[in-house]
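Novice: Okay, here's the structure, questions in a sec.
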Amino acid sequence: MNTKEIMQIFEDNAYVRTGGSDQELRCAEYIREKCAQMGLKAQITPFPVDMATIQAAVLTVDGQEIPCKGYLCAGSGEVTAPFYYLRDTSPASLPQCKGKIVMIDGYLGYWKYRDLLENGAVGFVTYDGNINYADEDIDQRELRSYVSKGEKIPGVNINAKFAMELIRKGSKTATISLKQDEYVGESRNVILDMPGETEEYIILTAHYDSTSLSQGAYDNMTGAVGLLGIAESFVGKSHRYGLRFIWCGSEERGLLGAKAYCQDEEALKKVVLNINLDMIGCIMGNFIAVCSTEEALTHYIQYMGLEMGLGIRVSQDVYSSDSTPFADKGVPAVSFARISPPNTGTIHNRYDTMALVSGEQMAADIDFLVAFTQRMANAVCCPVKRVIPDSVKEKLDIYLCRKRDKNG
Ligand SMILES: [Zn+2]
């Protein structure tokens, strides 16, 4: 793909495509068609996801209605209670949640939600956006099933500007009214096989869904295009290890596509490596590789970067992306990304558009990724040992909420 063809793909997919939506399906079909144009046959593989349609979501604080979006899959009902802003999770603050509608900073993760439930909160408010942005956008959030575990209290998301105003004014009483239909829908992975000479294979992943306000150009049409570029480089060439490309659905909803795929543990036994792309090709920023496997791979990638003249910051860690369910099932995994400084590119909002991306940087990043994949695919013996060290396992436990991080 040349830079013009690369940028055309961003133009063709400049729309919101949340996991499980018709737009996500439209993008899946687009990717399948792109593969077909290279003479490759990809398949759309559906998997079930929780869905909801909000009928009404109202937040009233001291008689004033605050613009909000209701949390999907957080049940229906109405609750009125004192309003409380939980600034931290210290023993001084947590008990004050009792019987209140509680506003928190940041994402509502598993442990924060447990804190709210255990301390008797009756509703919750989160906020996103930025007080310095011109917009008053509100992201559409959901109460993920692995967070709620069936225990639901109503919640809404608001814009940071209003959140700050509520605290400035010393708000006293809030009412949340939420009404929604919850049901099971469908998201999809797009899977392309390029068999090798052996039974064993490498899985390459990149998600193609976006969050509710975002065209997801940088996060992660860039990675989706990266996989197309890698696939193209193998067309008509034989290679030792097989390659399976998976454009994952519903990553933004909690890595759901990768998790659904990784349920088949028997099939994963033949997988020697997972190479994941999540956010590459941005105009500004540095290239990173995060290895969820033995330390040796970090050195290998570092050396390759030096050899090819590409600066790479390599770490042994867990990356918040589709590589993680693979690593968790024992498959050595590496995620590649180019990380934009936040003042030149942010994600999960309306500002993540193709304006953040350059065809030239995409081509340069893909060149490196092709070289790395070619080496792994043609290795006489895949050099990455099938090992997940204890230090990485510990990080997986924390990331996947089986264990609580000391810091919260
Ligand atoms: Zn992403």
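Novice: Going by Cα centres, the stretch 155-221 and the stretch 73-135 are how many Å apart?
Specialist: The distance from the Cα centre of the stretch 155-221 to that of the stretch 73-135 comes to 19 Å.
Novice: Now a separate question. Quick one: if you stick a label point 7 Å off each Cα along the C-beta vector at Thr53 and Glu394, how many nm between them?
Specialist: Going from the Thr53 label point to the Glu394 one covers 4.9 nm.
Novice: Also, quick follow-up: Assuming R0 = 41 Å, what is the FRET efficiency of Glu265 and Asn132, from their Cβ-Cβ distance, to the nearest 0.05?
Specialist: Working: r = 46 Å, r/R0 = 1.13.
Between Glu265 and Asn132 the formula returns 0.30.
Novice: Take Lys172 and Thr3, extend 7 Å from each Cα along the Cα→Cβ direction, and tell me the distance between the two endpoints in nm.
Specialist: Reported label-point gap for Lys172 and Thr3 is 6.2 nm.
Novice: So if the hydrodynamic radius of the chain is defined as the Kirkwood radius over C-alpha pairs, what does Stokes-Einstein give as its diffusion coefficient at 37 °C and 0.692 mPa s, in µm² per second? Mind dumping the intermediate values first?
Specialist: Values: Rh = 22.3 Å.
Estimated diffusion coefficient is 147 µm²/s.
Novice: Between Thr80 and Ile44, take the C-beta separation as r, use R0 = 56 Å, and let me know the FRET efficiency to the nearest 0.05. Intermediate results must be reported in sequence, preceding the final value.
Specialist: Values: r = 45 Å, r/R0 = 0.81.
FRET efficiency, Thr80 to Ile44: 0.80.
Novice: Using the beta-carbon distance between Ile283 and Ser90 and R0 = 35 Å, what value does 1/(1 + (r/R0)^6) give for FRET efficiency, to the nearest 0.05? Numbers along the way, then the final one.
Specialist: Working: r = 41 Å, r/R0 = 1.18.
It comes out at approximately 0.25.
Novice: Follow-up. What's the exposure ranking of Val334, Val184, going from fewest to most Cβ atoms within 10 Å?
Specialist: Numbers: Val334 27, Val184 9.
In increasing order of surrounding Cβ atoms, one gets Val184, Val334.
Novice: Can I ask one more? Please label the shape of the stretch 347-408 as rounded, prolate or oblate, based on the square roots a ≥ b ≥ c of the eigenvalues of the alpha-carbon gyration tensor (a/c under 1.5 means rounded; beyond that, a/b larger than b/c means prolate, else oblate). List each step's numbers first, then the result.
Specialist: Working: a/c = 4.59, a/b = 1.13, b/c = 4.07.
Here the stretch 347-408 falls in the oblate category.
Novice: Same structure again: Scaled to the compact-protein estimate 2.2 N^0.38 Å, what is the alpha-carbon radius of gyration of the stretch 63-171, rounded to two decimal places?
Specialist: Working: Rg = 13.2 Å, N = 109, 2.2 N^0.38 = 13.1 Å.
Here the Cα radius of gyration is 1.01 times the empirical estimate.
Quick note: the coordinates plus some simple rules give every number you see, no bench work behind them. None of these values were measured; they are calculated from a predicted model. So basically every Cβ, Gly included, is an ideal-geometry build from the backbone, and we count neighbours across all protein chains shown.
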